[in-house]
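Coordinate-derived values only; no laboratory data. Please read all numbers here as calculations on a predicted model, not as lab measurements. Cβ atoms come from the backbone with ideal geometry, glycine included; neighbour counts cover every protein chain shown.
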Amino acid sequence: MGNKQTFIITILAIVSSCVLAIDGDMGEASYGIENKPDGSEQYPYLIEDFEDFQEFCGDTRYWRAEVQTRLECDLDLDPNLPGRIIYTHAPIAPDTDSSNNGFQGTEYQGIFDGADHTISKLSINGADICGLFGLISSPASVKNLNITNVSIIGQNYVGVLAGSISNCELLDNSSSGTVNGNEQVGGLIGRNYNAEIKSCSSICTVNNSASYIGGLVGLNDGTIHNCSSEGTVDGVEFVGGLVGANANYATITNGCSTSDVNASGPYSGGLLGYNSYGGTVSDSSSFGEVYGATYTGGLIGYSYYGDIESSYSESLVTASGNYSGGLLGYKHYGTISGCYTTGLTNGIEYVGGLLGYANGGNVLDSYSTGSVNATNRHIGGLLGYNSDYAIIKTCYSSSNVETTSDGAGGLVGFNSGYIERSFSVGSVIGSHYIGGLVGDNLKGNIYSSYSTASVMGIGSRIGGLVGDNNEGNVSGCYSTGPVSAETTSHDVGGLVGWNFEGNVINSFWNIETSNMTTSAGGTGAKGISTEQMKTIDTFVNAGWDLVSVWNIEEAQTYPLLRKYLAVDTNYDDTVNLTDLSILAEYWLEGME
């Protein structure tokens, strides 16, 4: 009996050991052969159908830091399909607090790879901080995800991908559909706080929104690189085709918007509505139509101590208020460099083909070619109003400028700053204070610059180069364009229309092509013939720098700024479209 019992126990032990061994082997097989998901980089959790998606949305363990999830299929979230709904909050990482007191809930901190799959027909109605994700935060990453044909109606912090993101990374994501909200609303993200958004795009209609509204991002407090938007963006203020507003030190590089922008209030731009302190926009462009009130720009509405580099706009700009520009409506210090515009700009007052109003700062190596129209004063082919010692250097405009009021110039309408090595071609039409280069020069400085623009005024103080020079300085400049005025006009001159306690030094106008034999400015303004204008000695004797600043082909050309000698050896008396196209190509090559 005892021996039999011992035998049975021994057999049971052996069987038990075998079972455990088999279980252990199966466990290893499920990880090693079947690749059981565990949220690691090697074995991410997989979303293979709608049921998996529901589980992912409902279990916060999937949202933890470094937990990886991959979408393995396209998902149709059409609320008309069985089991689908119209969400009242973000499906993933929603804000559970309905009191507008900030985010309450569990943030998404994991790694989500869309694997180039598409989530379509997401529908949300009525939440704060909403999108597919509510809040995405550090150290999260969301990539390779397409979200299409969505319909989102939210409050604040609303975007197709996420309502708000913080200290994370978004890469290669796209969105399309309709987004409505109140503040900080974007086609992809509502609010970006210190996160990086790279190679993302949005094709959205963003409307019925109040402030900080963008085709891609509503408010950007981080980095946006190589991103684009198209569609329509409507709002009240801080409205941009790509981004509603840049916060302090935020950056946009290689951004592009073809979105049409409509704003009933201030700060609207084809790319960016408002660029705050230290914000930078570079290598970016805009193409859509922009309609705004005050501070309206083809690229940016308003820039405060920000820099704009190597960027351009082809946008049509129409403003119902003041401060509008083909590139930028208003600049408070900061620098514009290597930029250009080609679109038509329409405004009321302080209107420029490139920039409406410059309060300090620099405009360098930039140009405008689109027509500029205004119904009031201070309008310029490049810049409407240049103040507070702002510097314009190595710039030009070929814009046709027209206003029914005062202070119009082929390059600058009003100048109390500094202009050097710049020129204007095209035409200028206005009333009083009309000039081929500058309309009204009040204590401003103009050096080594010229105009070939035609000038027509119906009032007084009209000049081929400067209409009114009031305590300003004009040195080493010339004009050749025709100057015409009404028979009742007065203070009309080939170079300067009116000069009050200003200095005009070693400057010239062509008495033959201007149809003017007189000019204000005293002996420093000299009227000479076309032949003399093409003679080197004329300018050598006047102390002009023909080595580093100017170049003249004897008996062939007027003085040409060396900055713009772009291998065009077919010299004539004018700067034409061929010259400008060669110059533009030369500059663009220099930006690359």
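Tell me the label only: which of [x] 138, 46, 33; [y] 83, 64, 47; [z] 170, 46, 35 is Cα extents along the principal axes in Å as calculated from this structure? Step by step, Cα extents along the principal axes in Å for this structure corresponds to label [x].
Residues Leu561, Leu299, arranged from fewest to most other Cβ atoms within 10 angstrom of their Cβ, appear as Leu561, Leu299.
Going by average Cβ density within 10 Å per residue, which order do the peptides 77-89, 512-524, 485-497, 160-172 take, highest to lowest?
Numbers: 77-89: 13.8, 512-524: 18.5, 485-497: 22.1, 160-172: 25.8.
Result, highest mean Cβ count within 10 Å first: 160-172, 485-497, 512-524, 77-89.
Dipole of region 426-506 computed with +1 at Lys/Arg Cβ and -1 at Asp/Glu Cβ about the Cα centre; of Asn470, Ser451, Asn499, farthest Cα towards the positive end is Ser451. A Stokes-Einstein calculation at 10 °C with viscosity 1.306 mPa s, built on the Kirkwood radius of region 98-247 over Cα pairs, returns a diffusion coefficient of 112 µm²/s.
When the alpha carbon gyration tensor of region 102-158 is reduced to an equivalent ellipsoid, its three semi-axes come out at 19, 18, 6 angstrom, largest first. Near Lys443, which aspartates and glutamates are there with a Cα under 16 Å away, not counting those fewer than 8 places off in the same chain? Leaving aside aspartates and glutamates fewer than 8 places away in the same chain, those within reach of Lys443 are Asp388, Glu420, Asp468, Glu471, Glu501.
Using helices alone, what [θ] at 222 nm do you get for the chain, with -39,500 (n - 2.57) per DSSP H run of 4 or more residues, divided over all residues and rounded to the nearest 500? Walk me through the intermediate numbers first.
Details: 5 runs with 64 residues, N = 592.
Value at 222 nm, helices only, nearest 500: -3500 deg cm²/dmol.
With a Cα-only, solvent-free Debye model of region 305-422, what are the log10 I(q)/I(0) values at q = 0.09, 0.11, 0.23 Å⁻¹? Debye output, listed in q order: -0.17, -0.25, -1.22. Seen against the Cα atoms of the chain and their longest principal axis, helix 577-591 is set at about 40 degrees. Rg and Dmax of region 233-316, based on Cα coordinates, read 10.8, 29 Å.
Placing +1 on the Cβ of every Lys and Arg and -1 on the Cβ of every Asp and Glu, with no other charges, gives the chain a dipole of roughly 1100 debye about its Cα centre. Within a straight-line Cα-Cα reach of under 22 Å, Lys198 can be paired with the following lysines, leaving aside sequence neighbours fewer than 8 residues apart in one chain: Lys143. Of the peptides 267-273, 237-243, the ranking by mean beta-carbon count within 10 Å, highest at the top, reads 267-273, 237-243. A simple count of charges around Asp440, restricted to other residues whose Cβ falls under 15 Å of its Cβ and scoring Lys, Arg +1 and Asp, Glu -1, yields -3.
Considering only Cα-Cα distances, which of the following residue pairs are longer than 27 Å: Lys331/Lys534; Lys393/Lys534; Lys331/Lys526?
Values: Lys331/Lys534 39 Å; Lys393/Lys534 24 Å; Lys331/Lys526 36 Å.
Table pairs above 27 Å Cα-Cα are Lys331/Lys534; Lys331/Lys526.
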